[in-house]
Amino acid sequence: MWLECIECHHKFDIASRFYTCPKCGGLLEVELDLGALRKKLRKRDLNSRPPSVWKYRDFIPVMDDSKIVSLNEGGTPLIRCDRLGKEIGIRELYVKFEGANPTGSFKDRGMTVGVTKALELGVKTVACASTGNTSASLAAYAARAGLRCIVILPKGKVALGKLAQALIYGAKVVAINGNFDEALIMVRKLCEQRGDIYLLNSLNPFRLQGQKSIGYEIADQLSWKIPDKVVVPMGNCANIWAIYKGFFEFDATGITKGIPQMVGVQASGASPIVEAIKQGLETFEPVEKPETIATAIRIGNPVNGPKAIRAIRSSGGTAESVSDREIIKAQKLLAQLEGIGVEPASASTIAGLRKLVRQREVKRDDVVVCVTTGHLLKDPEEAIKVAGPSKWAGRVKS
Ligand code: AN7
């Protein structure tokens, strides 16, 4: 195993502790000896293990199993949605319900690995900037590991459920007058100046090693078949890359064959990567003042943008942006046709899929998985606001 810069391809020792390439500033990626894994690992080895991120231990760069910090993350349901599929025009549609993770979002898959890494490194304090879910997850895993936790949040812009989580898990919460992008600059500076504080934003390549498991798990739950399209909301743009990497590694080790087309969705008020993909560009123009009801992905300058662009291009995928109105409509459709409650950022996948079907970029016979990344109860205020009056009000007789 080694760390490799995605830009200049310089290789570094896996035990190195920097977050970006010291040669060129590019993003780092953990690479595994996939040839060796191909020889060693069999599907039946995986079949005998219970559902969990750690089912795929062979692909996770942790050195010391005794240090693993886990809350039994992963193993989330892959739910077939025929009623929603009919409404949208997809014959075989699935929702990967990441709200079923211990703190209610996919971030737990990354934090189990990231916080384990923090223990391996012997640090005592971990930190992140967050639109909410990262802070909730990090606070929980830090508590379980006995580490101090600092989270920097944009004041007044974090959904209530997420803030409640960070507070009750005992994190030191710092609210700033600025957006997520500014909070991330602050926490990066803090971790650069203070070597004893470990950064656990998605710039940290180890966190993404846990998030790869969404890809492994989708293939596993489809009986080792891969879907045609996997639709993912994009904020800081790490997750779409991690999921792609999961499918890529399964393909390279012969566990499955092929890689699904990765489809990234952003809110139209915060869509720099969608713009870059649509214009065929390799780089992207940050959005100064990102705005959307989907506060989780209210991010204008996604640090992992270059990874997302690669994941989409290499898989032959696409990207689409959706308005707040489309997001709300999709959130209600998923809730009211399937009984699946997700936060607005997650509903953007359903909205994006709907748009792509109408534009005939996704076909009726494509097997599609939408990754709904966070639970409805993360943002109860939004849900109450958009739900409208109860349909049955006034009908109950006393
Ligand atoms: C529900 O918590 O960035 O594209 O600080 O909470 O990997 O950033 C959250 C992101 C999608 C986007 N869905 O994932 C944070 C944060 C939900 C999220 C995303 C987030 P990335």
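The values are calculated or read from the model by the stated rules, or taken from the named source; none is laboratory data. Computed from a predicted model, the values in this text were never measured in an experiment. FYI the Cβ positions are ideal-geometry reconstructions off the backbone, even for glycines, and counts take in every protein chain you see.
Just a few scattered comments:
- Summed over region 28-78, residues that are touching a helix residue (DSSP H, G or I) at 6+ places or on another chain (Cβ under 8 Å) and either surrounded by 18 or more Cβ atoms within 10 Å (Cβ to Cβ) or touching a residue at least 24 places away in the same chain (Cβ under 8 Å) (or both) total 30.
- A Cβ distance below 8 Å, combined with a sequence gap of six or more or placement on separate chains, defines the contacts here; from region 208-234, residues that are assigned to a strand (DSSP E or B) reach residues that are more than 12 Å from the ligand (Cβ to nearest atom) and polar (S, T, N, Q) in the pairs LYS229/GLN261; VAL230/GLN261.
- Of the strands (runs of 3 or more DSSP E) lying entirely inside region 122-199, those containing at least 3 residues that are closer than 26 Å to GLY269 by Cα are 148-154, 172-176.
- Residue count for region 79-96, restricted to those that are buried (at least 24 other Cβ atoms within 10 Å of the Cβ) and either within 16 Å of the ligand (Cβ to nearest atom) or acidic (Asp, Glu) (or both): 2
- Qualifying residues in region 92-117 (those that are β-branched (Val, Ile, Thr) and in a helix (DSSP H, G or I)) - the one farthest from SER348 (Cα to Cα): THR116
- Only one of the listed residues (ALA294, ALA351, ALA308, ALA383) is within 25 Å of ASN101 (Cβ to Cβ) and either more than 16 Å from the ligand (Cβ to nearest atom) or more than 18 Å from the chain's Cα centre (by Cα) (or both). That residue is ALA383.
- Filter result for ILE168 (in contact (Cβ under 8 Å) with a residue 40 or more places away in the chain, β-branched (Val, Ile, Thr) and surrounded by fewer than 21 Cβ atoms within 10 Å (Cβ to Cβ)): no
- Candidate set: region 109-147, residues that are out of contact with any strand residue (DSSP E or B) (no Cβ under 9 Å at 6 or more places or on another chain) and without any contact (Cβ under 8 Å) to a residue 60 or more places away in the chain; chosen: the one farthest from the ligand (Cβ to nearest atom): GLY122
- Options ILE88, ILE14: the member that is outside the structural domain of VAL126 (by TED's automatic domain parsing), out of contact with any Asp or Glu (no Cβ under 6 Å at 6 or more places or on another chain) and farther than 22 Å from ARG207 by Cβ: ILE88
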